[in-house]
Amino acid sequence: MSTIEQLLRQGCQALMPVSQSPALDTELLLAHTLGKPRSHLHAWPEKSVEKPLLSQFHQLLQRRRQGEPIAYILGAKEFWSREFSVSPAVLIPRPETELLVEHALSLIPQKMPLLVADLGTGSGAIAITLGLERPHIQVVAADCSWEALQVTSKNIRQHQARNVYPCQANWLSSFRPASFDLIVSNPPYIAPQDPHLRQGDVRFEPRTALASEQNGLKALQTIADQARRGLKPGGWLIVEHGWDQGPLVARIFESFGYREITCHLDWQKHPRVTRAQWSP
């Protein structure tokens, strides 16, 4: 029988070759196994772990050693200080995407009943965060994947986001013209041949949520094109994109007749989010 302290040490050593944060990963896996917060591990380092739990912990450790993302193993990921359920059917929410939410919220006045669409919603983290931060709006959480929408619906129930509505749709093709005041999206924007798709956590994530044809720009072009029809006059489109795609996205928006095009940098000072207004 091993103690918590021994397991933390063993787990850290085992994950060191495959993880950038082996100590944190080990703590998360052991806390999940024990059904305790991470603080419990440091408060009771000498406590022994029973055999069935020991076996469960080593199984989770092995999954992480094979490269499976921590979020999929635990079934959850934090975003905007809330915990969202995730599965291999959806992209894992990332800190950079909080910039998209931040700038989307800046376009939504308090207590104004706007209609918003989140395209390619996945886990629903963006849509639900917007809905909870602005209770007076209505948010359509759209995704073409039925499996992804099951995760979305679970998160809607979990957070009691009663103003967020899951919808199976291929971008904006299912909606009436001039429906939305704001359209947000974190679409696939990685080139299919990008070698990063074969490395690290993204190997386990849905390829359709990561990669897009035309060097990663096809989904962004399609959304910009369809949003001209889906937005009300004066409505806004805001998208996340790759660190090197800012000028390209701006040119796409310009070619479709958008105005007030601005690009915003992420915490690494990379262009990450571009927004534009539709004023026909």
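The values are calculated or read from the model by the stated rules, or taken from the named source; none is laboratory data. Since the model is a prediction, treat every value here as computed from it, not as a measurement. When we count neighbours, we look across all protein chains shown, and the Cβ atoms used for this are built from the backbone with ideal geometry, even at glycine.
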Discussion item. Looking only at residues that are among the β-branched types (Val, Ile, Thr) and touching a residue at least 60 places away in the same chain (Cβ under 8 Å) in segment 102-126, which one is surrounded by the fewest Cβ atoms within 10 Å (Cβ to Cβ)?
Written reply: 108
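Counting only residues that are of a type outside the set (Phe, Trp, Tyr) and in contact (Cβ under 8 Å) with a residue 24 or more places away in the chain, which one in segment 72-82 is surrounded by the most Cβ atoms within 10 Å (Cβ to Cβ)?
Going residue by residue through segment 72-82, those that are of a type outside the set (Phe, Trp, Tyr) are 73-78, 81-82.
Within this subset, residues satisfying the condition of being in contact (Cβ under 8 Å) with a residue 24 or more places away in the chain are 73-74, 77, 82.
Values: 73: 18, 74: 16, 77: 21, 82: 15.
Across segment 72-82, the extreme among qualifying residues is 77.
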Worksheet item: assigned to a loop (DSSP other than H, G, I, E, B) and at pLDDT below 95: does that describe residue 88?
Response: no
Response to the item:
Sole miss for residue 90 among (1) without any contact (Cβ under 8 Å) to a residue 40 or more places away in the chain; (2) crowded, with 20+ Cβ neighbours inside 10 Å is condition (1)
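Out of all the residues in segment 18-53, which are more than 28 Å from residue 203 (Cβ to Cβ) and either assigned to a helix (DSSP H, G or I) or in contact with an Asp or Glu (Cβ under 7 Å, 6 or more places away or on another chain) (or both)?
Our first condition is that a residue be more than 28 Å from residue 203 (Cβ to Cβ); within segment 18-53, this holds for 34-37, 39-53.
Within segment 18-53, 34, 39, 40, 41, 42, 43, 45, 46, 51, 52, 53 meet the criteria.
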Worksheet item: Among 237, 231, 248, 197, which is without any contact (Cβ under 8 Å) to a residue 60 or more places away in the chain, under 19 Å from the mean Cα position of the chain (by Cα), surrounded by 16 or more Cβ atoms within 10 Å (Cβ to Cβ) and farther than 23 Å from residue 71 by Cβ?
Response: 237
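For (1) closer than 22 Å to residue 143 by Cβ; (2) part of a loop (DSSP other than H, G, I, E, B); (3) not assigned by TED's automatic domain parsing to the domain that holds residue 189, each residue gets a yes or a no:
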position	(1), (2), (3)
239	yes, no, no
244	no, yes, no
247	no, no, no
260	no, no, no
272	yes, no, no
